[in-house]
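The values are calculated or read from the model by the stated rules, or taken from the named source; none is laboratory data. If you're wondering where the values come from, they're calculated on a predicted model, not measured in any experiment. Here the Cβ positions follow ideal geometry from the backbone for every residue, glycine too, while neighbour counts run over all protein chains shown.
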Amino acid sequence: MTGVLPGPGRGRLIAAGLVLGAAAAGCGYTPGYRTPASVSSIAVPIFDNQTFPLRREVEYDLTSAFRRQIQSRTALSLVDHEDADMVVHGTIVDFRERVVAEGRRDQKIESSVFLDVLLVIEDRRNSRRWEERVRVQEPLSYIGGEGFDEARARAIENMAQRMLEAIEFWSEEDGAAAPTGPYPASSVADAFQKPEGYDGPSTQVALTR
């Protein structure tokens, strides 16, 4: 049994879907993320890569993935930094593979790719500035035949989605207003502190790519 409805039933299901879609459009609903009415353009400079040891190229891949999320899920226009109503700065704090299980010959069996990003959002239209911290951990199973590149790509795409969700509450009423200004010196230092209550695997290996 394939789960596909027979002809008449399937036709009724499609018709019902069209009716629901029309009703949603009539209510002014559009899929995507909310943004302030006063903000129509956004800039996303290349993220700062503060990983140690340095994990090369990840800042370019993550910045590109985040820009794609903005273009596909919001009505905002991507523009240059000087012309933007809103600017999102990103710092990649950590990006590494964490070994969860090893075989008898110390070969990796199960791992996870961990990605930690600090965002600073500047809403120039409403003179607001705030920070968001986003972390993702993507499982990697070598015993299942998966490769590192696949988990790396998943982690980057997942992080791009999570970053957009983290700042999805954009609106003039959300949060306390804060003046725009230079990146606070304490933010980067604070970002490198071990998360409170975290008790991750003791074995960590550097990313190979």
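Any idea which residue in region 73-111 is nearest to the chain's Cα centre (by Cα), counting only those that are in a helix (DSSP H, G or I) and either surrounded by 18 or more Cβ atoms within 10 Å (Cβ to Cβ) or free of Cβ contacts under 8 Å to residues at least 40 places away in the same chain (or both)?
Among those that are in a helix (DSSP H, G or I) and either surrounded by 18 or more Cβ atoms within 10 Å (Cβ to Cβ) or free of Cβ contacts under 8 Å to residues at least 40 places away in the same chain (or both), it is His81.
Being free of Cβ contacts under 8 Å to residues at least 24 places away in the same chain and under 14 Å from the mean Cα position of the chain (by Cα) is the filter here; which residues of region 127-145 pass it? Quick ask: steps written out before the conclusion?
Filtering region 127-145 for residues free of Cβ contacts under 8 Å to residues at least 24 places away in the same chain gives 144-145.
Correct list: empty.
Report, ordered by the first and then the second residue, all pairs with beta carbons closer than 6 Å, sequence separation of six or more or different chains, a first member in region 146-169 that is over 16 Å from Ser72 (Cβ atoms) and among the aromatic types (Phe, Trp, Tyr), and a second member that is surrounded by 17 or more Cβ atoms within 10 Å (Cβ to Cβ) and at pLDDT 90 or above.
Within 6 Å, no pair qualifies.
Out of curiosity, is Arg124 under 30 Å from Ala37 (Cα atoms), in contact (Cβ under 8 Å) with a residue 12 or more places away in the chain, buried (at least 20 other Cβ atoms within 10 Å of the Cβ) and of a type in the set (Lys, Arg)?
No: the conditions fail for Arg124.
Return the only residue of Phe114, Phe148 being surrounded by 15 or more Cβ atoms within 10 Å (Cβ to Cβ) and out of contact with any strand residue (DSSP E or B) (no Cβ under 6 Å at 6 or more places or on another chain).
On the way: Phe114 fails: out of contact with any strand residue (DSSP E or B) (no Cβ under 6 Å at 6 or more places or on another chain).
Going through Phe114, Phe148 in turn, just one is surrounded by 15 or more Cβ atoms within 10 Å (Cβ to Cβ) and out of contact with any strand residue (DSSP E or B) (no Cβ under 6 Å at 6 or more places or on another chain): Phe148.
Please work out which one of (1) closer than 20 Å to Glu97 by Cβ; (2) outside any strand (DSSP E or B); (3) at pLDDT 80 or above is the condition Leu140 fails and give its number.
(2)
Would you check which residues across region 38-55 are farther than 18 Å from His81 by Cβ and touching a residue at least 60 places away in the same chain (Cβ under 8 Å) and list them?
Passing the criteria: Ser38, Gln50, Pro53, Arg55.
Can you find a residue in region 50-58 that is modelled with pLDDT under 95 and touching a Pro at 6+ places or on another chain (Cβ under 7 Å)?
Scanning region 50-58, I find no residue that is modelled with pLDDT under 95 and touching a Pro at 6+ places or on another chain (Cβ under 7 Å), so the answer is no.
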